[in-house]
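Visitor: Before I ask anything, here is the structure I am working with.
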Amino acid sequence: MTQSTRERTTGWLMVFPALTFVAVFSLYPAMDSFLLSLYSEFPGSERSFIGFGNYAELVRDPVAHQAFIVTLGFVLLSTTLELLLGTSIALVIHERFKGRGWTRAAVLIPWAIPTVVAAQMWRFLLNDQYGDVNAILFGDQVDAYVPWLADPWMAFGAIVLADVWKTSSFAGLLILAGLQVIPDETYDAARIDGATAWQRFWHITLPLLKPALLTALLFRTIDAFRVFDLVFVMTQGGPGDATQVIQFYGYKTLFTEGRVGYGTTISVTVFVALAILSLFYVRTVGSKLLQREAA
Amino acid sequence: MTKPLRPALLGGILLAVLGSLCPFLWFVLTSFKSQIQVEAIPPTWWPDGSLGFYASALIEHRLLHYILNSVIVACATTIIALVVATPAAYALARLRMAGKAWILGGLLCVAMFPHIVIAGPVWQILERLGGLNTHWGLVLPYVSLTLPLAVWILTTFFQELPFELEEAARIDGCTAWQALYRIVLPLAAPGLFTTAILTFIYAWNEFFFALLILTDPERQTLPVGIALFQGEFTMPWGEIAAASVIATLPLIIIVLLFQRGIINGLSAGAVKG
């Protein structure tokens, strides 16, 4: 009895520093944001309680609407492409072949590159005068060169392209882990029955891969929702507000304009939207994710 | 084991490798160009091998400074995160205590917080503590941000270790701490190493908090330096490319050396089980 009490005490002592860090620098700040969003606070003005006034303003704010739509569009488009490309990458690097280690390392490199570097890189490659993309597409026909980042739709596409290039391999790794737990024997019967490679993928691999795909989708969605670095470096939200994602709008309101109350309201709304979305996913996959511990 | 490659697989390998590497290789080529070559319209492909941009980035743009700041922040984050995460993960993997599932689930939720929602209050905490524009002021939130992943990965590694050795030691009167340091840690070295690499990469690459907390160029890390790179009249593309290559080089080396561990570590937190 005393021994198990001691074990429990030791356990809490071991967990305590980690929990303290997370409580002080993540949990408390998140709760503080909820409180701050109920106040009006400008640079040079007194803080005053206004209840849900900031939320009412958010509902009427056309710039915020635009930012939410841009973010949603970005999340949907980039995660879809990343799952498709990620699955392809996973299928390739799951095969056994000479040089697989090198191939895996090569595929990992975009994931390891700092996002800021990837953003500067694509900003340069898409440059209207010096960029390699124009050179590849149009060669010497300088008149045809496209100023990609100056066009609202192209700029949005550029952000998606940069994100897909950078993170498809991460999605691929999560999906690879899913492929690795499918036993080889599963395929043998189908092969004997004469199923084609495509049929085997569609009827065996894909259904068994569902948990891994949903996990990758969850991780990528959460990450895509907080896209910031790419936008900050490549477009600063422009042209117009075409690429102003919600985290960038929140950053500008909070830190550039110093509107603490309204800025945190934007961030809390993102938080709630993301929490609802995650819950929705977790109800489909997550139980499996958390049950691991019990085993 | 190796058979001749099917054309489809070969095509897939080539696409994956070229798609991953080509864009960055073009940027690497740019860093070795001369100013005239960078501004050529239409662009030239092959550089003349000039190191001018590297010299200019290192000397005029004081890149060494940013490198040093990044090394300090990333190493401090990695060490502190490991020291804090290891006992927590051990307790969660091995000790009998209530609420373990809640702690692991809670950590996973915290890892999913959008950064903007904690940014404002973290900034205010650091302002009160005098941590703005200091390295430790950035390291503290970094440790908190990397802890959930570190604890998850380490817990998975600890769970996979055989229990018998520890059990014997515990019966012989070892405390949980002694069992952790004498028996588990040496066995779990590969797991610790993988966690360290992932934490290091995170801290080396992080931009959002670094941008908020470090406004003094003397203290800024590489990502902030590269994002805010300014020329006097035009965009200094050559210098940006050179700085980018320098900032990425350690990561490429890490990936080439430890590809296997990274892949295991990343999937440990997610799909296994």
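Visitor: Of all residues in segment A:59-73 being away from every other protein chain (no Cβ under 14 Å), hydrophobic (A, V, I, L, M, F, W, C) and touching a residue at least 12 places away in the same chain (Cβ under 8 Å), which is nearest to A:Ile159 (Cα to Cα)?
Guide: So the residue we want is A:Val70.
Visitor: Suppose we filter A:Ile109, A:Ile113 for residues that are of a type in the set (Val, Ile, Thr) and closer than 25 Å to B:Gln230 by Cβ; which single one remains?
Guide: Working: A:Ile109 fails: closer than 25 Å to B:Gln230 by Cβ.
Going through A:Ile109, A:Ile113 in turn, just one is of a type in the set (Val, Ile, Thr) and closer than 25 Å to B:Gln230 by Cβ: A:Ile113.
Visitor: Sticking with this structure for a sec: Filter segment B:151-175 for residues that are among the aliphatic types (A, V, I, L, M) and free of Cβ contacts under 8 Å to residues at least 24 places away in the same chain and give the result.
Guide: B:Leu165, B:Ala168, B:Ala169, B:Ile171
Visitor: Out of segment A:17-36, which residues are more than 8 Å from every other protein chain (Cβ to nearest Cβ) and either among the acidic types (Asp, Glu) or without any contact (Cβ under 8 Å) to a residue 12 or more places away in the chain (or both)?
Guide: Of everything in segment A:17-36, those that are more than 8 Å from every other protein chain (Cβ to nearest Cβ) and either among the acidic types (Asp, Glu) or without any contact (Cβ under 8 Å) to a residue 12 or more places away in the chain (or both) turn out to be A:Thr20, A:Ala23, A:Met31, A:Leu35.
Visitor: For segment A:228-248, indicate whether the set of residues that are at pLDDT below 90 and at the interface with chain B (Cβ under 9 Å from one of its Cβ atoms) is non-empty.
Guide: No: zero hits.
Visitor: For A:Ala118, work out the one condition from (1) more than 7 Å from chain B (Cβ to nearest Cβ); (2) over 26 Å from B:Trp46 (Cβ atoms); (3) under 22 Å from the mean Cα position of the chain (by Cα) it doesn't fulfil.
Guide: Of (1) more than 7 Å from chain B (Cβ to nearest Cβ); (2) over 26 Å from B:Trp46 (Cβ atoms); (3) under 22 Å from the mean Cα position of the chain (by Cα), only one is false for A:Ala118: (2).
Visitor: I'm checking my understanding of the structure. Among residues of segment B:84-104 that are more than 8 Å from chain A (Cβ to nearest Cβ) and part of a helix (DSSP H, G or I), which one is nearest to A:Gly250 (Cα to Cα)?
Guide: B:Trp102
Visitor: A follow-up question, please. So if I check each of B:Leu107, B:Leu126, B:Leu140, which one is part of a helix (DSSP H, G or I), at pLDDT below 90 and buried (at least 20 other Cβ atoms within 10 Å of the Cβ)? Please lay out each step first, then the result.
Guide: Working: B:Leu126 fails: at pLDDT below 90; B:Leu140 fails: at pLDDT below 90.
Checking each option against the conditions leaves just B:Leu107.
Visitor: I need the full set of residues from segment B:205-232 which are out of contact with any Asp or Glu (no Cβ under 9 Å at 6 or more places or on another chain), surrounded by 20 or more Cβ atoms within 10 Å (Cβ to Cβ) and within 13 Å of B:Leu63 (Cα to Cα), in order please.
Guide: Listed by number, the residues that qualify are B:Arg219, B:Gln220, B:Leu222, B:Val224, B:Gly225, B:Ile226.
Visitor: Okay, moving on. From the list A:Ile109, A:Ile93, A:Ile113, which residue is buried (at least 16 other Cβ atoms within 10 Å of the Cβ) and over 23 Å from A:Met234 (Cβ atoms)?
Guide: A:Ile93
Visitor: Report every pair of residues separated by at least 6 positions or lying on different chains whose Cβ atoms are under 7 Å apart, first residue within segment A:130-144 and more than 7 Å from every other protein chain (Cβ to nearest Cβ), second outside any helix (DSSP H, G or I) and of a type in the set (Phe, Trp, Tyr).
Guide: Qualifying pairs under 7 Å: A:Asn134/A:Tyr145; A:Phe138/A:Tyr145.
Visitor: Return the only residue of B:Ile67, B:Ile80, B:Ile36, B:Ile41 being closer than 30 Å to B:Thr155 by Cα and of a type in the set (Val, Ile, Thr). Steps first, answer last, please.
Guide: Values: B:Ile67 fails: closer than 30 Å to B:Thr155 by Cα; B:Ile36 fails: closer than 30 Å to B:Thr155 by Cα; B:Ile41 fails: closer than 30 Å to B:Thr155 by Cα.
Selected residue: B:Ile80, the only one of B:Ile67, B:Ile80, B:Ile36, B:Ile41 that is closer than 30 Å to B:Thr155 by Cα and of a type in the set (Val, Ile, Thr).
Visitor: Do you know which residues across segment A:163-190 are more than 18 Å from the chain's Cα centre (by Cα), in a helix (DSSP H, G or I) and of a type outside the set (Phe, Trp, Tyr)?
Guide: Residues satisfying the conditions are A:Leu176, A:Ala177, A:Gly178, A:Leu179, A:Gln180, A:Glu185, A:Thr186, A:Asp188, A:Ala189, A:Ala190.
Visitor: Checking B:Leu138 against (1) touching a residue at least 12 places away in the same chain (Cβ under 8 Å); (2) closer than 18 Å to B:Ala89 by Cα; (3) more than 8 Å from chain A (Cβ to nearest Cβ), which single condition isn't satisfied?
Guide: All conditions pass for B:Leu138, except number (2).
Visitor: Contact list please: Cβ distance under 7 Å, first residue in segment A:89-113 and more than 7 Å from chain B (Cβ to nearest Cβ), second residue among the hydroxyl-bearing types (Ser, Thr, Tyr) and in a helix (DSSP H, G or I), pairs at least six apart or on different chains.
Guide: Hits for this filter: A:Ile93/A:Thr103; A:Trp111/A:Thr167; A:Trp111/A:Ser169.
Visitor: Checking B:Ile201 against (1) more than 30 Å from A:Gly250 (Cα to Cα); (2) in a helix (DSSP H, G or I), which test does it fail?
Guide: Among (1) more than 30 Å from A:Gly250 (Cα to Cα); (2) in a helix (DSSP H, G or I), the lone unmet condition for B:Ile201 is (1).
Visitor: In this structure, is B:Phe53 within 14 Å of chain A (Cβ to nearest Cβ) and in contact with an Asp or Glu (Cβ under 8 Å, 6 or more places away or on another chain)?
Guide: Values: within 14 Å of chain A (Cβ to nearest Cβ): yes; in contact with an Asp or Glu (Cβ under 8 Å, 6 or more places away or on another chain): yes.
When the stated conditions are applied, B:Phe53 passes them.
Visitor: Any idea which residue in segment A:252-290 is modelled with the lowest pLDDT, counting only those that are touching a Pro at 6+ places or on another chain (Cβ under 7 Å) and assigned to a helix (DSSP H, G or I)?
Guide: Residue satisfying both the conditions and the ranking: A:Lys288.
Visitor: Going by the conditions given, is B:Leu192 part of a helix (DSSP H, G or I), under 16 Å from the mean Cα position of the chain (by Cα) and within 12 Å of chain A (Cβ to nearest Cβ)?
Guide: No; evaluated as a whole, the condition is false for this residue.
Visitor: So, one more: Have a look at A:Val142, A:Val146, A:Val181 and point out the one that is farther than 27 Å from A:Val92 by Cα, at pLDDT below 85, surrounded by fewer than 16 Cβ atoms within 10 Å (Cβ to Cβ) and out of contact with any Gly (no Cβ under 7 Å at 6 or more places or on another chain). Even if it seems obvious, please write down each step before you answer.
Guide: On the way: A:Val146 fails: at pLDDT below 85; A:Val181 fails: farther than 27 Å from A:Val92 by Cα.
Of A:Val142, A:Val146, A:Val181, the one residue that is farther than 27 Å from A:Val92 by Cα, at pLDDT below 85, surrounded by fewer than 16 Cβ atoms within 10 Å (Cβ to Cβ) and out of contact with any Gly (no Cβ under 7 Å at 6 or more places or on another chain) is A:Val142.
Visitor: Taking the criterion of being within 28 Å of the chain's Cα centre (by Cα), acidic (Asp, Glu) and at negative phi, would at least one residue in segment B:42-63 satisfy it?
Guide: There is at least one residue in segment B:42-63 that is within 28 Å of the chain's Cα centre (by Cα), acidic (Asp, Glu) and at negative phi.
Visitor: Here is a list: B:Pro114, B:Pro148. Which entry is under 21 Å from the mean Cα position of the chain (by Cα) and touching a residue at least 40 places away in the same chain (Cβ under 8 Å)?
Guide: After ruling out the rest, the residue left standing is B:Pro148.
Visitor: Moving on to the next point. Considering segment A:74-87 alone, what residues qualify as being in contact (Cβ under 8 Å) with a residue 40 or more places away in the chain and either touching a His at 6+ places or on another chain (Cβ under 8 Å) or surrounded by fewer than 20 Cβ atoms within 10 Å (Cβ to Cβ) (or both)?
Guide: A:Leu77, A:Leu81
Visitor: Would you please name the residue that is farthest from B:Glu60 (Cα to Cα), looking only at residues in segment B:233-249 that are more than 7 Å from chain A (Cβ to nearest Cβ) and under 20 Å from the mean Cα position of the chain (by Cα)?
Guide: B:Leu249
The values are calculated or read from the model by the stated rules, or taken from the named source; none is laboratory data. Predicted model only: the values in this text are computed from it and were never measured. As a convention, Cβ positions derive from the backbone with ideal geometry for all residues, glycine included, and neighbour counts pool all protein chains shown.
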